[in-house]
Amino acid sequence: MRKSILLICVLCLGALLSEMKGQTATFKALFLYNFTKNIDWPAEANGSDLVITILGDDDVSAELEKIAKVKKAGNKSIKIVQARSVKEVGDSHIVFLGAAKSALMQTLSYEQQDKPVLLVADKGGLCKQGAGISFVTVSGKLRYEICPALIESHNLKVTQKIISLGIEVQ
Amino acid sequence: MLKTKYIIIVLFSLFACAGVMAQEGEKTSLTKEKVLSMTTEELSALSLEDLMSAIDVVGVSSLEELYELLLNKDVTSASKSEESLFDSPLSTTVLSHDQIIASGATTIEEALRLVPGLIVREKTNGNFDVHIRGNDNLPAKNMLLYSENMNTLVMINGRPVFNYSHGGTLWETLPVGFEDIDRIEVVRGPSSALYGPNALSGVINIITQTITDESPLVSGNVQAGSLNTLIGDIAYREKLNDKISIGVTGNFEARDREREEILIYDRGGSQYSLDGQPVDPGYYNVGEINRMRNGSLPVWPPYDVKGERYDIYKSFPDPEQAKERRGINAYLDYKVSESTNISLMAGHQNSQAVTSSMGDVPTPYTTKIASTSYVDMRANYKGLSLQANYNGGTIDYMSGNEGFELDNQQLNLQAEYDWNLGKVSIRPGVSYQSMSYDDSEHIAKVGNGYLNQKRTINILAGSARFDYRPTDKLRLVAALRAEKYNKPDDVYASWQLVGSYKISDDNIVRAVYSRANQSSFLVNTYSNYTWNVVNMEYPRIMQFDGNEDHDLKTMDMFEVGYRTRPAKSLFLDIEAFYTISEDFGALMPSSTSFAVFNPLDVAMTGATPDVNGIVNINYQNMDLVAKQQGVTASFDWVISEKLVANGNFTYQQTKLDNYFPLNRNEVVGYQAGVLSADPDLPTKIGQAIADYVGGVQGGLINPEEQTYAIVSSTGGVPDVEQDDYEHKATPSYFGGFSLTYRPCKKLEIFPQAYFFGEQTFENQYSTETIDAKFLLNAKVSYKANDNLTFFVNGRNILNMKDREFAYMDEIPGMVLGGLNFKF
């Protein structure tokens, strides 16, 4: 039995080294950018830039930087801010909470509850903890759960299109 | 033969359907290459629906999907709210529907062999014993009843499916099949503070599927093979509109034993004979058992109950069949408003299983027959969660044995509220449980059952859970619960105190101190059963009495754990635990009496006195303390898109203090020896007869009601308790590993090993050694198209037939074939 386990471990080690990097971060960044086209922020949230704060996902942050270089959100420049903790999250139009930090969702939503911000999470089920949108993988396809009531509670307007293309949850 | 025909027809029909449906290919002008060649600017310019179409064409890479599915699971049972498994503050494992199907497990219990820290032993084909971490068969040296796992709370969507009559879980009575299940969450360690009593070693929460737009309309699994095994389930689910979803599922399982004979074991010097010829204990068919005698007495004497014959044929109506069960479930989800949701689930099951006995009969086997129904309602309004459920029906724990068939009604009500205050979330709750069991409809007269009427246990509980995150890395959890029982009339407290610290996104440590308690059970509390022994020479009467004021068993646990993701593809979890269990209880002899059973004959005709024993057995707490220490390590490793490895290993040691090394019969024998050694015994016999005759003549004794004269009694037990006794009923090591190998998209090979070390099972009649065992299973699946997967499923392919559970069957290797379908 020991020999078998050893053999399996050796085989596995070689395979580990050839780990692939997926496209998912790019897709999530594109989704986040696309959400800016389908959400209306109130007047008090207006500034010269549309601020997207990323908490806990360097890959998505890097992909968003690429988009920000070539695209605008309406007539606003897109500003990407990286935060390392909930405390560091400043005024933002969108806050994206990476999967590794999903335990912070309740705290984040509490801290941001009265602000005009779209909270996006990277893990299914987090709408129950305050995320307006949460990415999920369904049958190999990237999808998102959306809770219109939660988004509207932040004084944002959400298009019917973004609702109908997502998985609506409470 | 007929079954085979049907299977072929079903297979052919499904294959044909799938073939037609497979013709409907994806219609899109986008190709993967085209999307991948687009620049960021071009992709950013797409509308949301076009972007989604483009992303769908590329898809999430298989590797990314595997990371998500296997290494980034969610769990709700550890905190009663959804959280990442990695962040769970308790030792937790989630088994997904896809993992269960891929593994080839033929039952829920067998699937649990994939879970770290679980000991799963097969008793008869498809009937299992499941324990979390061990502490099993305590107190030892007693009836097989005490080998049932009374330490783990099994639930379906948070609804307890627990046997409050005797304690334990009747797995064959679970109404759900694989197609009902979304995932199984296992939390190791005392969890009564969250889920109520009986979650001492942990909880197993079976979560059913949520009906979404993505749910297949019809899905199912069917497989058939060795030992006439036929297992199938089917589900229909539909989201009718934005507010209403419905579903109906059905499941079926039938499987034979590897033999039809029943083991008759040596019950302390039995002198068996068959057709007048002396025979040894061993395996006999029911016809032979019907003719066997123990000394001068029949081994399985028949009697009538309400005009029905209770004999060996009623006890074992299908001795060749290990299990047959059918279940049906209906689901209704109603989204009342944006903030209000109601889920209804209801179902029914019929089951019959030949498995280990709960009572004291000449065989360790019994047939359990159950017919139960349930309805479960869950409602959410903002932070408020309500759950109400009812389970009722009839369970015959030992068919053909009067007094063991009970009607049961279980009601659970629960309300909890999630109150999020930012860094602190508080979840207060109240619950009420009422469990009633009634044997009066199934006994010939009062006194023949052990309850003899409807008896109830009520539990009223209040709880609160505080989850405090002073920083992003530190988490402190305190869950407290107080339960008021009607019997015993007492309040019990349970708790979980947890601290976790997230060193980094990929490293987290945790420490837990928790306590849980068992509930009272009907048998322990209310027993009042007179067993007139007719198939053994001694004793003549055994009187079983419950104890309404006993102490409930508790378990305290100290645990530390560490979880890490050293690479994106690897998930490691290590937990070290130390538990102390005390306030064990058992039905044990409290006193033995000698009595003359023919006092009037002796007095009137000079007959020889018929002196025999009367044993009083009471449910009583014991001084026994079990101390267990152990460590469990597990890993999940996505090696490549084609290869995934999972494994776990547990090493544990259990020591007992105040261990009582004598079994029930030895205590009775000791007490009988004390009485026999009394030099005044002949005098006392004469005096007892004289007193009895005097009582009859004086009208103080009714000879119709009291047919015997008590000679002498004793309640003494020898002082032989031992400390630091090594408890060997739990194997010192156990675990398993598996590989998922997908050489191409259509083919999947899943070899899985499960192993455990040697065990020593101490029963009231003997001690049996269970050898270490290594089980190897393998399932090979071929995905014909998105709708249909064919498979060949080998269970125990090394044909290791050694017993896994004392006295039970030696189950051979099995081969099954079948398919999974979804449309």
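Available extension along the chain between B:GLU338 and B:LYS445 is 32.9 nm, counting 0.36 nm per residue and deducting the alpha carbon span.
If the segment from B:ASP213 to B:LYS801 were pulled out straight at 0.36 nm per residue, it would be longer than the present Cα-Cα gap by 207.1 nm.
Model label points for A:GLU152 and B:GLN653, set 7 angstrom from Cα along the Cα-to-Cβ axis, are 6.4 nm apart.
Relative intensity of region B:533-595 on a log10 scale, I(q)/I(0) at q = 0.20, 0.24 Å⁻¹, equals -0.93, -1.05, per a Debye sum over C-alpha point scatterers of equal strength in the absence of solvent. Amide H contacts of A:ALA83: A:ILE54, A:LEU55, A:GLY56, each under 5 Å away and 5 or more positions distant or on a separate chain (H built 1.01 Å from N in the peptide plane; Pro and chain starts excluded). Entry note, the protein assembly as shown: the mean residue ellipticity at 222 nm calculated from DSSP H runs of n ≥ 4, each adding -39500 (n - 2.57), is -5000 deg cm²/dmol after division by the residues and rounding to the nearest 500.
For the pair B:ASN616 and B:TYR733, label points projected 7 Å from Cα toward Cβ lie 5.0 nm apart.
Taking the number of Cβ atoms within 10 Å of each Cβ as an exposure proxy, the fewest-first ranking of B:ARG293, B:ARG188 is B:ARG293, B:ARG188. Taken residue by residue and averaged, Cβ atoms of other chains lying within 10 Å of the Cβ of A:32-40 number 2.
Sorted ascending by nearby beta carbons within 10 Å, beginning with the fewest, A:ASP114, B:ASP233, B:ASP180, B:ASP505 become A:ASP114, B:ASP505, B:ASP233, B:ASP180. A Cα-only calculation for region B:600-697 places Rg and Dmax at 29.2, 91 Å. Rounded to the nearest 20 debye, the dipole magnitude of the protein assembly as shown is 3140 debye, with +1 charges on Lys and Arg beta carbons, -1 on Asp and Glu beta carbons, and the Cα centre as origin. Between B:LEU747 and B:ASN228, the FRET efficiency from the beta-carbon distance, with R0 = 35 Å, is close to 0.75. Here chain B was treated as a single set of alpha-carbon atoms; its pair distances binned every 20 Å from 0 give 14, 46, 30, 9, 2, 0 percent.
In this calculation the C-beta distance from B:HIS348 to B:ASP623 is compared with R0 = 45 Å, giving a FRET efficiency of 0.55. Extension gain, B:LEU476-B:ASP98: 0.36 nm per intervening residue step, less the Cα-Cα distance, totals 132.8 nm.
What does the charge add up to near B:ASN135, with Lys and Arg as +1, Asp and Glu as -1, over the other residues with Cβ less than 15 Å from its Cβ? Overall, the nearby charge balance is -2. Each peptide in B:481-493, B:314-326 was scored by the mean count of other Cβ atoms within 10 Å over its residues; highest first, the order is B:314-326, B:481-493. Applied to region B:453-466, the Karplus parametrisation 6.51 cos²θ - 1.76 cosθ + 1.60 on θ = phi - 60° returns per-residue 3J(HN,Hα) values of 5, 7, 10, 9, 10, 10, 9, 10, 9, x, 8, 8, 10, 10 Hz, with x for Gly and Pro. Note on B:LYS746: aspartates and glutamates with a C-alpha under 14 Å away, same-chain residues under 8 apart excluded, are B:GLU641, B:ASP786.
Calculated on C-alpha atoms, the gyration radius of the protein assembly as shown divided by its Kirkwood radius gives an Rg/Rh of 1.02.
Counting only lysines at least 8 places from A:LYS71 when in the same chain, those with an alpha carbon closer than 24 Å to its own are A:LYS28, A:LYS37, A:LYS79, A:LYS157, A:LYS161, B:LYS32, B:LYS34.
The local environment of B:ALA199, defined by Cβ-Cβ distances under 15 Å, has a net charge of +4 under the rule Lys, Arg +1 and Asp, Glu -1. Cβ crowding within 10 Å ranks B:LYS141, B:LYS445 as B:LYS445, B:LYS141, fewest other Cβ atoms first. Sparse packing (at most 14 other Cβ atoms within 10 Å of the Cβ) combined with a DSSP loop state is found for the following trypsin sites (Lys or Arg not before Pro) in region B:773-809: B:LYS801. Neighbours of B:SER766 by Cβ distance under 14 Å: Lys/Arg scored +1, Asp/Glu scored -1, total -2. Peptide B:464-476 shows a mean partner chain C-beta count of 2 within 10 Å per residue C-beta. Amide H contacts under 5 Å for A:SER77: A:LEU50, restricted to partners 5 or more places along the chain or on a different chain, H placed in the peptide plane at 1.01 Å from N.
Output wanted: per-residue J couplings in Hz (rounded whole) for region B:525-532, from phi through Karplus 6.51 cos²θ - 1.76 cosθ + 1.60, θ = phi - 60°, x for Gly and Pro. Per residue, the Karplus-derived 3J(HN,Hα) values read 8, 10, 3, 8, 10, 9, 9, 7 Hz. Springs join every pair of Cα atoms under 10 Å in this Gaussian network model of chain A, and among A:SER48, A:SER139, A:SER109 the largest mean-square fluctuation is at A:SER139. Of all complete DSSP H helices in chain B, those with a Cα span along the helix axis of 20 Å or greater and a mean Kyte-Doolittle hydropathy of -0.5 or more are B:2-22, B:681-697. Take each residue of peptide A:161-170, count the partner chain Cβ atoms within 10 Å of its Cβ, and average: the result is 4. If amide H atoms are built 1.01 Å from N in the plane of the peptide, which residues on other chains or at least 5 residues away come under 5 Å of the amide H of A:GLN23? Residues meeting the amide H criterion: B:SER61. Here the label points at B:LEU700 and A:LYS72, each 7 Å from Cα along the C-beta direction, are separated by 11.1 nm in the simple model. Quote the FRET efficiency, to the nearest 0.05, computed for B:ASP505 versus B:LEU386 with a Förster distance R0 of 30 Å and r equal to the Cβ-Cβ distance. The calculated FRET efficiency here is 0.25. Remark: chain A is approximated by an ellipsoid whose semi-axes, taken from the C-alpha gyration tensor as √(5λ), come to 33, 18, 16 Å, largest first. Could you pull out which residues in region B:482-497 have an amide N less than 17 Å from a spot 7 Å beyond the Cα of B:ASP556, following the Cα-Cβ vector? Under cut-off, by backbone N: B:492-497.
Quick note: the coordinates plus some simple rules give every number you see, no bench work behind them. On a predicted model such as this, the values are computed, not experimentally measured, just so you know. Positions of Cβ are backbone-derived with ideal geometry, glycine not excepted, and every protein chain shown enters the neighbour counts.
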